[in-house]
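First comes the structure, then the notes that go with it.
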Amino acid sequence: MANTAYDIIKRPIITERSMAGTEMKRYTFEVAKDANKIQIAKAIEEIFGVKVAKVNTMNMQGKEKRTGAYPKGRRPSWKKAMITLTEDSKTIEFFEGMV
């Protein structure tokens with residue numbers, strides 16, 4: 001079980017699609033696999049000082065990758081969380097320069 005907010009929120013996901021959601025106060029993060037939506041919301045509020053309206057989560061399958069001819073390897077599976085902030089909440093400054 002993840003202990004601190006920084007154990008729950010691993011890293012932000014910076015893609016074209018996730019950056020398009022920042023105008024609607026929607027941010028994407030990689031989170032701990034065992035974290036639930038309530039823990040994720042509390043961790044985001046604690047780290048960034050914002051108000052979370054909604055949390056959507058997805059378990060992402062690790063992709064199969066070739067490592068030469070025979071032994072196929074797999075990238076690890078991970079969990080993704082899309083966080084929507086309330087209308088009156090401030091934005092997360094971390095993403096501001098990325099768009």
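The values are calculated or read from the model by the stated rules, or taken from the named source; none is laboratory data. Because the structure is a prediction, the values reported are computed rather than measured. Every residue, glycine as well, gets a Cβ built from its backbone with ideal geometry; the counts of neighbours run over all protein chains shown. Keep in mind that these areas ignore ligands, DNA and RNA; they rest on the heavy atoms of the full protein, side chains included. Shrake-Rupley method; radii C 1.70, N 1.55, O 1.52, S 1.80 Å.
If you roll a 1.4 Å probe over the heavy atoms of the protein chains, what accessible area per residue do you get for the chain, in Å²? Walk me through the numbers before you get to the answer.
Working: 6690 Å² over 99 residues.
On a per-residue basis, 68 Å².
So how compact is the chain: Cα radius of gyration and Dmax in angstrom?
In order Rg, Dmax, the Cα atoms of the chain give 15.3, 54 Å.
Would you tally the net charge around residue 43, using a Cβ to Cβ cut-off of less than 12 Å, leaving residue 43 out, and scoring K and R as +1, D and E as -1?
0
Please report the relative contact order for the chain, taking Cα pairs under 8 Å with a sequence separation of at least 6, and give it as a percent rounded to a whole number. Don't jump to the answer; show the numbers that get you there.
Values: 169 pairs, mean separation 30.4, N = 99.
Once normalised by length, the contact order is 31 percent.
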